[in-house]
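The values are calculated or read from the model by the stated rules, or taken from the named source; none is laboratory data. Keep in mind it's a predicted model, so treat the numbers as computed, not measured. Heads up, the Cβs are rebuilt from the backbone with ideal geometry, glycines too, and the neighbour counts pull from every protein chain shown. Protein only, heavy atoms only, side chains kept; ligands, DNA and RNA dropped before computing areas. Shrake-Rupley method; radii C 1.70, N 1.55, O 1.52, S 1.80 Å.
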Amino acid sequence: DGLSEAFISSWQMDKKYRLYATFLYYPGLKAYYDKKDKSEVVHDGYYDFLSTTEIINEEYLSSSNYLFFLDQYTSFKYEQLTEGVSSSYDPANQFLIARMLFNGKIQSAVQASYLRNRLNRVELAKIDPYWEEFLSNCDEDVKTYITNKYNKCLALQNGNMAPDFTLKNLEGENVSLSDFKGKVVYLDFWASWCGPCLQQIPSAKELKHKFEGKDVVFLYVSIDEKEESWRKMIDEKELKGVHLLAKGFKHDAPQSYNVSGIPSYFIIGKNGELINNNAPRPSS
């Protein structure tokens, strides 16, 4: 009682697109954890709701749930369009497919949302021809935010020197990335609360065993804000390696590597140069 029709309508829209975004997100997550193909976890007609859904409406852009839906919808269309074409995943193509699906503010909003979460994994040269067009459609605050992330990614291109950092280890000692020059470093940003991170631990143990005795360092940087949770998970999982604590995404270490999602992996060469700024997961 007493709520305006406009507010009720906006709230219902927001709730609806959160639900639809979850419908799109669920099959990939379910298939990943059950180690199945997506087609095995959805029934015939599962995606029929899309035919009755209003996909494009600029008035909804203030809703984070609508943006989440558009992001998932773009991923869904990307998979449809590339099915059977290539077995290799190219993140830049999803940015380009947004150009096919949308225009104007919707297009730039979807691309900005995509880049915010995945810019680390995009081969920048592939989106450079479209960069100015993208920026011209962005609001000033979005343009500033994405440009800053883009410039960080330029600094993280393979062949550049890996940003150095210093953090405390389990013994409370300062450890720097530069301490490991002369060895290959497999850098893993993770956290005790991150399900996909924990799922990688058995494979990480196998990988570490494979390279035992070689000049390879497995460097685990946790973004746990609670030190107790970090220590407890390392003990519980018996995860060997060099463990450092960064305490949150806003710490200088994850910030300098443009980490906005985990797990994130990097391979750094013996001379301190980045070999792979989007390294495969241990399970890969």
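Overview of values
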item: Failed item in (1) within 27 Å of the chain's Cα centre (by Cα); (2) open to solvent by 90 Å² or more (accessible area, probe 1.4 Å); (3) farther than 25 Å from Lys105 by Cβ; (4) modelled with pLDDT under 90, with Ser62 passing the rest; result: (3)
item: Condition broken by Val185, with the remaining ones in (1) at positive phi; (2) open to solvent by less than 20 Å² (accessible area, probe 1.4 Å) satisfied; result: (1)
item: Ile234 being among the hydrophobic types (A, V, I, L, M, F, W, C), open to solvent by 70 Å² or more (accessible area, probe 1.4 Å) and out of contact with any Lys or Arg (no Cβ under 6 Å at 6 or more places or on another chain); result: no
item: Candidates Lys38, Lys105, filtered to the one that is within 30 Å of Pro280 (Cβ to Cβ), open to solvent by 30 Å² or more (accessible area, probe 1.4 Å) and of a type in the set (Lys, Arg); result: Lys38
item: Criterion: open to solvent by less than 80 Å² (accessible area, probe 1.4 Å) and of a type in the set (S, T, N, Q) - qualifying residue of Thr74, Thr52; result: Thr74
item: The one condition in (1) touching a Leu at 6+ places or on another chain (Cβ under 9 Å); (2) under 16 Å from Tyr73 (Cβ atoms) that Trp11 fails to fulfil; result: (2)
item: Tabulated pairs, the stretch 111-124, first surrounded by fewer than 21 Cβ atoms within 10 Å (Cβ to Cβ) and modelled with pLDDT under 75, second in a helix (DSSP H, G or I) and of a type in the set (Lys, Arg), C-beta under 9 angstrom, 6+ apart or interchain; result: Asn120/Lys149; Asn120/Lys152
item: Subset of the stretch 231-266 [touching a residue at least 60 places away in the same chain (Cβ under 8 Å), closer than 18 Å to Pro196 by Cα and among the hydrophobic types (A, V, I, L, M, F, W, C)]; result: Ile234, Val259, Ile262, Phe266
item: Residue within the stretch 141-155 that is surrounded by 17 or more Cβ atoms within 10 Å (Cβ to Cβ), modelled with pLDDT of 90 or more and among the hydroxyl-bearing types (Ser, Thr, Tyr) present; result: no
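Condition check ((1) modelled with pLDDT of 95 or more; (2) in contact with an Asp or Glu (Cβ under 6 Å, 6 or more places away or on another chain); (3) over 30 Å from Ala31 (Cβ atoms)) across all residues:
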| site | (1), (2), (3) |
| --- | --- |
| Asp164 | yes, no, yes |
| Leu167 | yes, no, yes |
| Leu177 | yes, yes, yes |
| Phe180 | yes, no, yes |
| Val185 | yes, no, yes |
| His209 | no, no, no |
| Val216 | yes, no, yes |
| Leu219 | yes, no, yes |
